[in-house]
Amino acid sequence: MKQQEENKLDKLPEKLEEHLHELGEESKVALLDYILTVGITIDDGFIVFFSYGSNMNEEDFEKEMREAKRTLNSTLDESRLKLIKPRKRVLEGFKRTLGNRSIYHGAAFSICPDANSRVEGICHDIYISSLPVFLKKEAMLSKNPNYRIIKTEVKDENQSVLTLLGVKPKRLMDIEEKDRPKALDYVKKSIDGAERFSVDHSDMDKVANYLSGKKAVSLNQRHKLPRNKRGSK
């Protein structure tokens, strides 16, 4: 089994390989499976990613990518810090919730399996050469990440896509008072991004109302949902 893993690593683009060991095991397996299934073998190949939170906000996405680039001392070209070919898409069989831990945002959106639900968001391309910076932005290059990478299918995409699934649940009602302003700011940024792509954000509106104290909302958050250290999705 270890030999098979090493053989797979030999086929990976060099710029990704140097960071792969920093990913959690489940995320690493999903990423390897995706790259080898799609057949990406060069640094300029790209993966397709489904985002459903503040990553839909182009200005916020670029700002956080720039910060991650500085942290990694990366020489990544500026043009690759932007959302590339963003398009509205729908992920069936999942539900979006503000239910994942986030030190940076107070709380963050995640998705959880729900056969009767769907999540509107965007798909966008991430070049392999950009992937370490993106993963750093999402706090995935850490010993204890709040998300893991999963491979899934999205309507109107001709290949599988990757997305982030929260693994550290935090109920909306458990967000501390001191964290509510930054959680609300994060949700508003997500709503702004959703509007630009005509993505339905009625669920986000309910969360924003709850956080701002405008009215109580029924969010089915009795079950535990996923978290993030600083990730945006």
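Structure above, values below:
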item: Rounded FRET efficiency, nearest 0.05, which uses the C-beta distance separating Met173 from Lys82 and R0 of 41 Å; result: 0.70
item: Linear extension gain, Lys214 paired with Glu62, 0.36 nm per residue minus alpha-carbon span; result: 51.6 nm
item: Shape metrics for region 146-194, restricted to C-alpha atoms - Rg then Dmax, Å; result: 14.8, 44
item: Label point distance in nm, Asn144-Glu92, each placed 7 Å from Cα along Cα→Cβ; result: 3.9 nm
item: Footprinting exposure proxy for Phe197, Phe109 (fewest neighbouring C-beta atoms within 10 Å first); result: Phe197, Phe109
item: Entries in Lys151/Lys178; Lys82/Lys168; Lys63/Lys170; Lys28/Lys214; Lys155/Lys206 that, when Cα-Cα distance is taken, lie over 32 Å; result: Lys151/Lys178; Lys28/Lys214
item: Gain in span if fully extended, Lys151 to Asp192, counting 0.36 nm per residue against the direct Cα distance; result: 12.1 nm
item: Dipole of region 114-223, positive direction: furthest Cα of Asn209, Ile191, Ser142, with charges on the beta-carbon; result: Ser142
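Each reported figure results from applying straightforward, stated rules to the coordinates on display, with no laboratory input. Being a predicted model, the structure only gives us computed values, none of them experimental. Positions of Cβ are generated from backbone atoms using ideal geometry, with glycine treated the same way; all protein chains shown enter the neighbour counts.
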